[in-house]
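The values are calculated or read from the model by the stated rules, or taken from the named source; none is laboratory data. These numbers come from a predicted model, not from an experiment. Cβ coordinates were reconstructed from backbone atoms using ideal geometry, including for glycine residues, and neighbour counts include every protein chain displayed. Keep in mind that these areas ignore ligands, DNA and RNA; they rest on the heavy atoms of the full protein, side chains included. Shrake-Rupley method; radii C 1.70, N 1.55, O 1.52, S 1.80 Å.
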Amino acid sequence: MSNARELLNRVKENIQTLLGQFRQLKQEKQMLEDKLQNSYIEKDKLNEQLNTLRQELEKQQLQISELNHRLEVLKKAESLTAEADMRSAQVKTKINELVKEIEKCIALLSHNK
């Protein structure tokens, strides 16, 4: 009978040990599930940030493209202005030359009278 009692006590101890381990594993499982849930939440937040940053990047790339276009237009305008200034200077020089020629002609005509 004492063997049966000892065996019963060992079975009870084993059951208590297994129940303790089960409770511990259940707590660990819950902690891991909570961590997993928090990871999903964090992932969603990071995805939102990523999308926001991508949108900002697209806007900035569009701005850069627009600014590059404006720069090209300004360069062309500056080039045309420089050409116009050069032409204007050439026209002034030509006019001055013609005025001198006319003055010479007038002087010759005045001298011949």
In a Gaussian network model of the chain with springs linking alpha carbons closer than 10 Å, the residue among 35, 43, 100 that fluctuates most is 100
Over the chain, with neighbouring protein chains present, the accessible area per residue in Å² at probe 1.4 Å is 99
Of all lysine pairs in the chain that are eight or more residues apart or on different chains, those with Cα atoms under 19 Å apart total 7
Checking 15, 64, 41 against a Gaussian network model of the chain (alpha-carbon springs below 10 Å), the top fluctuating residue turns out to be 15
Here the net charge surrounding residue 60, from other residues whose Cβ is less than 14 Å away from its Cβ (Lys, Arg +1; Asp, Glu -1), is -1
So the FRET efficiency between residue 21 and residue 51, C-beta based with R0 = 41 Å and rounded to 0.05, is 0.35
In nm, the gap between the two label points placed 7 Å beyond Cα toward Cβ at residue 35 and residue 86 is 7.3
In the range 45-87 the accessible area split gives carbon plus sulfur, as whole percent at 1.4 Å, a share of 55
In a Gaussian network model of the chain with springs linking alpha carbons closer than 10 Å, the residue among 47, 96, 68 that fluctuates most is 96
